[in-house]
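The values are calculated or read from the model by the stated rules, or taken from the named source; none is laboratory data. These figures come from a predicted structure and were not determined experimentally. Every residue, glycine among them, receives a Cβ derived from its backbone with ideal geometry; neighbour counts consider all protein chains shown.
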Amino acid sequence: MAGCDADGATFAVSHMALEAGAGAAEAGSVLAQWRAATLGRIGAPAEAAAAAFSLPGALPLPQAVRVQAQGTQDAGGGRPVAVHAVWFARAEAAEGAPRLHLYHAVVYAPAPRPAAADTFFAGLSLQ
């Protein structure tokens, strides 16, 4: 995970690799679980409205989405927090067969920051 705090918001990117041989179904399942866990941490419903999200080179999975949700830090015990988040996957070359890598980028702030999130997510690039 890499992240920084800037202008009253936290920006972060996380990554994980699935086991060799994992396919699109496993990637989709893990992305959905990652989304539910992220939203659950702030007490937001896992079913928060989502829009499709894609980057050049990313896999076209239904679970590759962008979400904006509001909740509280520590799932109800803290200050209000707004989350703008994306989840996506790609296949990367590996010995034998491609290996699936999953990504999550997020902006946490006390209030929604759609312009900051738009800029952050537009700057993501798979290389």
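Restricting attention to the range 10-22, which residues are closer than 23 Å to ALA50 by Cα, out of contact with any helix residue (DSSP H, G or I) (no Cβ under 6 Å at 6 or more places or on another chain) and of a type outside the set (S, T, N, Q)?
ALA12, VAL13, HIS15, MET16
Since ARG79 meets every condition but one in (1) among the basic types (Lys, Arg); (2) at pLDDT below 95; (3) surrounded by 15 or more Cβ atoms within 10 Å (Cβ to Cβ), which condition does it not meet?
(3) is the only condition that ARG79 fails.
Yes/no per residue for (1) out of contact with any Pro (no Cβ under 6 Å at 6 or more places or on another chain); (2) surrounded by 15 or more Cβ atoms within 10 Å (Cβ to Cβ); (3) under 16 Å from LEU126 (Cβ atoms); (4) at pLDDT 95 or above:
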| residue | (1), (2), (3), (4) |
| --- | --- |
| ALA12 | yes, yes, no, yes |
| MET16 | yes, no, yes, yes |
| ALA85 | yes, yes, no, yes |
| ALA97 | yes, no, no, no |
| HIS101 | yes, yes, yes, yes |
| ALA109 | yes, yes, no, yes |
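Might you let me know whether the range 49-70 holds any residue that is of a type in the set (Lys, Arg), within 21 Å of TYR108 (Cα to Cα) and touching a strand residue (DSSP E or B) at 6+ places or on another chain (Cβ under 7 Å)?
Within the range 49-70 (the criterion being of a type in the set (Lys, Arg), within 21 Å of TYR108 (Cα to Cα) and touching a strand residue (DSSP E or B) at 6+ places or on another chain (Cβ under 7 Å)), the answer is yes, since at least one residue qualifies.
What pairs can you find where one residue is in the range 14-32 and in contact (Cβ under 8 Å) with a residue 12 or more places away in the chain, the other is part of a helix (DSSP H, G or I), and their Cβ atoms are less than 8 Å apart, with a gap of 6+ or different chains?
If the second residue must be part of a helix (DSSP H, G or I), the pairs left are MET16/VAL30; LEU18/GLU26; LEU18/ALA27; LEU18/VAL30.
Can you tell me which residue among GLY71, GLY21, GLY57 is exposed (fewer than 12 other Cβ atoms within 10 Å of the Cβ), of a type in the set (Gly, Ala, Ser), over 17 Å from MET1 (Cβ atoms) and at pLDDT below 95?
Checking each option against the conditions leaves just GLY21.
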